[in-house]
Amino acid sequence: MQVKAPGRATHASPARPEHPVRPRPTTPLWRSRTAQGLAYAAPTAVFVAVFFLLPLLLVGQMSLSDWPLLAGDRGGNAPENYTDVTDSPLFWPAIRFTLLYTVLVTVVLLGLALLLALLVQESRPAAGFFRTVYFLPGAVGLASASLLFWGLYSPTTGPLSRILESLGLVDDPVSFLGSPTSALLSTVFLVVWKFAGFYMLILLVGLQRIPHEVYEAARTDGASRGQIFRSITLPLLRPSLALSLLLCVTGSLLAFDQFFILTKGGPDNSTVTIVQLIYREAFQRLDLGTAAALSIIVLGALLLLNVLQFRGLRRADES
Amino acid sequence: MLNRALGRTPHYIVAGGLAVLFLFPLLWNTWASVSPQPGTAQQSGYGLGNYRTLLDYDAGLWRYLLNSTAVSALTVAVTLGVSLLGGYAFARFDFPGRNALFLLTLAILMVPYATLLIPLYVLLDRIHLQNSLVGLSLVLAVFQLPFATFMMRISFEAVPRELEESALVDGCGTAGALRRVLLPAVRPGLITVGLFAFLAAWNDFIAPLILISDSEKAPLPLAVANLRQQSMGAVDYGATEAGVVVLAVPCLLVFLLLQRHYVRGFMSGALKG
């Protein structure tokens, strides 16, 4: 670029043999492409260092130290925080509950999302309208959706209980959040409502990547709709299904808002998830060290899970 | 023709039935927020009594709306700024540590948000940003960075190099080329990133719950959740329902307005993901 611009050098000394002009030595260091690249990347680097790497190191250190929420002695106490975590009477129940919730949500959510994607994939009239309607709950935040469903489920003023009563299905107002099982199922219902449209979008992308010719060839061969779905749609959709699975499992294992707002962990601590336990250790038991140890355990487990799932994802992508 | 229409009918019954199920909670909540209910400010007839309760609740609805707007605006601005520069750097420049930094930025995705909030709580305290809307916005922006940086990098890579080179030849610096030539070209990417950041910041609950201790500084989701939890015994469903409407309407409007960008950006992300 500099070769074209300055004609001055050749004007000043026309006798000099023409070298290809090298821009580098004449450019000040701060204007070199390397330096400019570094400058443009600097904000990202600062952010990643201060708000990601530093907290990562800190959570490790905290997990090995006595760390009361308010002022207090902050010496090392390894591995006391970790044994505190595993000795907590809520630890194993919370893990069991989180896993149960994750399996339930994943199966129901991805099943419904696949149905929705199949319903709106073709360019039928109104397909776009239905896509928008199914996605709308996705634009509402999870906390807002939880507050909404909290009103919906209310035994006194909520409409669901009244609908069931007027249909004669129940005699008394239903307390949707009152028993451990119904509290779990009610929360799953909320999460499915909120996220089905989101996963529908991911699966739509996958469906649209399947070439039309494959379907046409199958139809010419006389395959039934069921056969086409089983032996073409499902296998070719595997990368999108795997991505949905990864996001859904990771998201569900970290569930917090919906339980904090809808059930507060109740009834009888039956719906306490792992992340809620972190919150309770830190801000109810005022022990940041134990909360940090629990964070490290969750972090390690999810890292392992992500690595395993990424491998599966890649394999699905190759096939 | 008639046959084909009849053939589609079951499809429309299923799709329509599901559409009703998906819309019902939103419609019910909106209707309930203006309907009469015992134990609310809207005891008889239809009206905005519940919204008036919300206006006067604790620090007041305007304060909470202002907090939420400030946090969202700052998060969007920081996310756009950092990812614009970062995306440019990763797409167009060669510098030591480039790939490592890019992978490290993506690695933020691998670490669950909730597990970093405990150390961030301590860290923000040390730099005097705890219980501050600025600190909250910075934290929210960090967790937008993986998607935003990725999105801006592919946006810049999609712009032909010649466009930028001709600007450089005409005497622009790289900053000038970025501002005058590249910025318009990557606008769709910026809109997508901004929209994602807005929805995430406006709706986030756990970060303000942990990082904000002063109810004056609570964003709207936290304030509405508190409204429900603080009322001992008597629960004001009406005011909560009004709060949900105030929370949801901006999201639904923004989504409906920018739907095309959202879906497109989402799809390009999902394709590579």
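Taken over the stretch A:298-312, residues that are open to solvent by less than 60 Å² (accessible area, probe 1.4 Å), facing chain B (nearest Cβ under 9 Å) and more than 17 Å from B:Val122 (Cβ to Cβ) amount to 3. In the set (1) buried (at least 22 other Cβ atoms within 10 Å of the Cβ); (2) more than 8 Å from chain A (Cβ to nearest Cβ); (3) under 25 Å from A:Phe260 (Cα atoms), the condition left unmet by B:Leu109 is number (1).
Annotation note: of B:Leu138, B:Leu117, the sole residue that is touching a residue at least 24 places away in the same chain (Cβ under 8 Å) and at the interface with another protein chain (Cβ under 7 Å from one of its Cβ atoms) is B:Leu138.
Listed residues A:Ser252, A:Ser240; which is polar (S, T, N, Q), in a helix (DSSP H, G or I) and away from every other protein chain (no Cβ under 11 Å)? If you could, list the steps in order and put the result at the bottom.
On the way: A:Ser240 fails: away from every other protein chain (no Cβ under 11 Å).
A:Ser252 is the lone residue from the list that is polar (S, T, N, Q), in a helix (DSSP H, G or I) and away from every other protein chain (no Cβ under 11 Å).
Contact annotation: residue pairs with Cβ atoms under 7 Å, 6 or more positions apart or on different chains, pairing a residue in the stretch B:14-38 that is without any contact (Cβ under 8 Å) to a residue 40 or more places away in the chain with a partner that is among the β-branched types (Val, Ile, Thr), are B:Ala19/A:Val133; B:Phe22/A:Val133; B:Leu23/A:Val133.
For A:Trp92, the test of being at pLDDT below 80 and open to solvent by 40 Å² or more (accessible area, probe 1.4 Å) is failed. Regarding the stretch A:270-286, can at least one residue be identified that is over 30 Å from A:Ser175 (Cβ atoms) and either in contact (Cβ under 8 Å) with a residue 12 or more places away in the chain or away from chain B (no Cβ under 12 Å) (or both)? Yes, the conditions are met somewhere in the stretch A:270-286. Here A:Leu90 does not fit the description of being aliphatic (A, V, I, L, M) and within 14 Å of another protein chain (Cβ to nearest Cβ). Exactly one residue out of A:Thr98, A:Thr106, A:Thr34 is assigned to a helix (DSSP H, G or I), within 13 Å of another protein chain (Cβ to nearest Cβ) and either exposed (fewer than 12 other Cβ atoms within 10 Å of the Cβ) or modelled with pLDDT of 95 or more (or both), and it is A:Thr98. When the helices (runs of 4 or more DSSP H) confined to the stretch B:98-189 are screened for residues that are closer than 30 Å to B:Leu66 by Cα, those reaching at least 1 such residues are found at B:113-126, B:133-157. Filtered by the rule that a residue be in contact with a Pro (Cβ under 9 Å, 6 or more places away or on another chain) and touching a residue at least 60 places away in the same chain (Cβ under 8 Å), the stretch A:207-260 gives A:Leu253, A:Asp257. Here B:Leu247 does not qualify as surrounded by fewer than 21 Cβ atoms within 10 Å (Cβ to Cβ), at pLDDT 90 or above and within 9 Å of chain A (Cβ to nearest Cβ). The set of residues in the stretch A:255-267 that are in contact with a helix residue (DSSP H, G or I) (Cβ under 7 Å, 6 or more places away or on another chain), open to solvent by 20 Å² or more (accessible area, probe 1.4 Å) and outside any helix (DSSP H, G or I) contains only A:Pro267. Restricting the stretch B:149-166 to residues that are more than 10 Å from chain A (Cβ to nearest Cβ) and among the small types (Gly, Ala, Ser), the residue that is farthest from B:Ala107 (Cα to Cα) is B:Ala158. Checked against the criterion of being more than 12 Å from chain A (Cβ to nearest Cβ), in contact (Cβ under 8 Å) with a residue 12 or more places away in the chain and under 30 Å from B:Val181 (Cβ atoms), the stretch B:75-92 contains one or more residues that satisfy it. Flag: B:Ala177 does not match the condition of being out of contact with any Pro (no Cβ under 9 Å at 6 or more places or on another chain), surrounded by 14 or more Cβ atoms within 10 Å (Cβ to Cβ) and closer than 25 Å to A:Leu142 by Cα. Checked against (1) modelled with pLDDT of 95 or more; (2) open to solvent by 40 Å² or more (accessible area, probe 1.4 Å); (3) more than 8 Å from chain B (Cβ to nearest Cβ), A:Leu53 passes all but condition (3). For the stretch A:127-145, the criterion of being surrounded by fewer than 20 Cβ atoms within 10 Å (Cβ to Cβ), out of contact with any Cys (no Cβ under 7 Å at 6 or more places or on another chain), farther than 30 Å from B:Gly238 by Cα and at the interface with chain B (Cβ under 9 Å from one of its Cβ atoms) is satisfied by at least one residue. Do we find a residue being touching a residue at least 40 places away in the same chain (Cβ under 8 Å) and of a type in the set (Gly, Ala, Ser) anywhere in the stretch B:45-64? Looking for residues that are touching a residue at least 40 places away in the same chain (Cβ under 8 Å) and of a type in the set (Gly, Ala, Ser), one finds at least one in the stretch B:45-64, hence yes.
A:Gly168 meets all of the listed conditions (1) part of a helix (DSSP H, G or I); (2) surrounded by fewer than 16 Cβ atoms within 10 Å (Cβ to Cβ); (3) out of contact with any Asp or Glu (no Cβ under 8 Å at 6 or more places or on another chain); (4) away from chain B (no Cβ under 13 Å) but one, namely (1). Every listed requirement among (1) modelled with pLDDT under 90; (2) within 7 Å of chain B (Cβ to nearest Cβ); (3) in a helix (DSSP H, G or I) is met by A:Thr157 save one, (3). Picking from residues in the stretch B:25-69 that are aromatic (Phe, Trp, Tyr) and surrounded by 15 or more Cβ atoms within 10 Å (Cβ to Cβ), the one that is modelled with the lowest pLDDT is B:Tyr57. Against the list (1) outside any helix (DSSP H, G or I); (2) of a type outside the set (Lys, Arg); (3) under 22 Å from A:Leu112 (Cα atoms), the condition A:Gly222 fails is (3). Scanning the stretch A:275-297 for residues that are out of contact with any strand residue (DSSP E or B) (no Cβ under 6 Å at 6 or more places or on another chain) and open to solvent by less than 20 Å² (accessible area, probe 1.4 Å) yields A:Val275, A:Gln276, A:Leu277, A:Ile278, A:Ala282, A:Leu288, A:Thr290, A:Ala291, A:Ala292, A:Ala293, A:Leu294, A:Ser295. Has the stretch B:49-62 got any residue that is farther than 30 Å from A:Pro155 by Cα, in a helix (DSSP H, G or I), away from every other protein chain (no Cβ under 12 Å) and among the charged types (D, E, K, R)? No, there is no match, as no residue in the stretch B:49-62 is farther than 30 Å from A:Pro155 by Cα, in a helix (DSSP H, G or I), away from every other protein chain (no Cβ under 12 Å) and among the charged types (D, E, K, R).
For the stretch A:261-308, filtering for residues that are farther than 29 Å from A:Thr181 by Cβ and under 20 Å from the mean Cα position of the chain (by Cα) leaves 9.
The values are calculated or read from the model by the stated rules, or taken from the named source; none is laboratory data. Keep in mind the model is a prediction, meaning the values are calculated, not measured. No Cβ is skipped: glycine too gets one built from the backbone with ideal geometry, and neighbour counts run over all protein chains shown. Note: accessible area is taken over every heavy atom of the protein model, side chains too, but ligands, DNA and RNA are not part of it. Shrake-Rupley method; radii C 1.70, N 1.55, O 1.52, S 1.80 Å.
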